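A quick write-up on the structure given underneath.
Every read-out reported here was derived from the displayed coordinates using simple, explicitly stated rules and does not represent laboratory data. Owing to the predicted nature of the structure, the values given are computational and were not obtained by experimental measurement. Cβ: placed from backbone, ideal geometry, glycine included. Neighbour counts: every protein chain shown.
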Amino acid sequence: MEGGKGVFSGEKMDEFRTYEDFLDSQIKPVDLFYLEDQELARQLVELGHKGSSLEREEFETRKAAAEASRLASGSQQKKLASTGKELKDNFLRALAEREEANRSGEMTVTPVLDA
């Protein structure tokens with residue numbers, strides 16, 4: 001197999017709703033022209049004669065793993081400490097404005113060292 005690259009990686013697996021969609025993605029119009037049968041073209045892909053071979057069970061396993069990974073990353077969103085707080089101090093308001101950017105990595109703070 002491909003070892004997590006290309007079509008088999010997690011971000012690509014969610015593009016295909018079904019195993020047949022995955023097989024169809026590897027069939028070219030010229031294949032259908034010569035074979036004249038989509039089911040036969042799917043069988044050739046499934047057997048590894050055309051495109052990448054990935055059995056149905058492995059497809060389902062990887063699709064479930066990709067879905068679980070997607071759901072886990074979405075649930076890891078932490079609530080901001082400043083959410084719902086009434087901040088009266090200007091310093092705390094400034095921190096609250098920067099909190100999300102700091103947590104997401106968009107903004108980082110580096111210490112200034114005196115020479």
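Based on the Cβ-Cβ distance of residue 47 and residue 67, what FRET efficiency does E = 1/(1 + (r/R0)^6) give at R0 = 30 Å, to the nearest 0.05? So, using R0 = 30 Å, E works out to roughly 0.65. If the chain linking residue 33 and residue 78 were pulled fully straight, counting 0.36 nm for each residue of separation and taking away their Cα-Cα distance, it would gain 11.0 nm. Computed packing ranks the peptides 79-90, 17-28 as 17-28, 79-90, most packed first, by mean other Cβ atoms within 10 Å. For the stretch 24-90, the pair-distance distribution built from all alpha carbon pairs, in bins 10 Å wide starting at 0, is 17, 26, 18, 14, 9, 9, 6, 1 percent.
Rounded to the nearest Hz, the phi-derived 3J(HN,Hα) couplings of the stretch 36-49 under the Karplus curve 6.51 cos²θ - 1.76 cosθ + 1.60 (θ = phi - 60°) are 6, 8, 5, 5, 5, 4, 4, 4, 5, 5, 4, 7, x, 6, where x marks glycine and proline.
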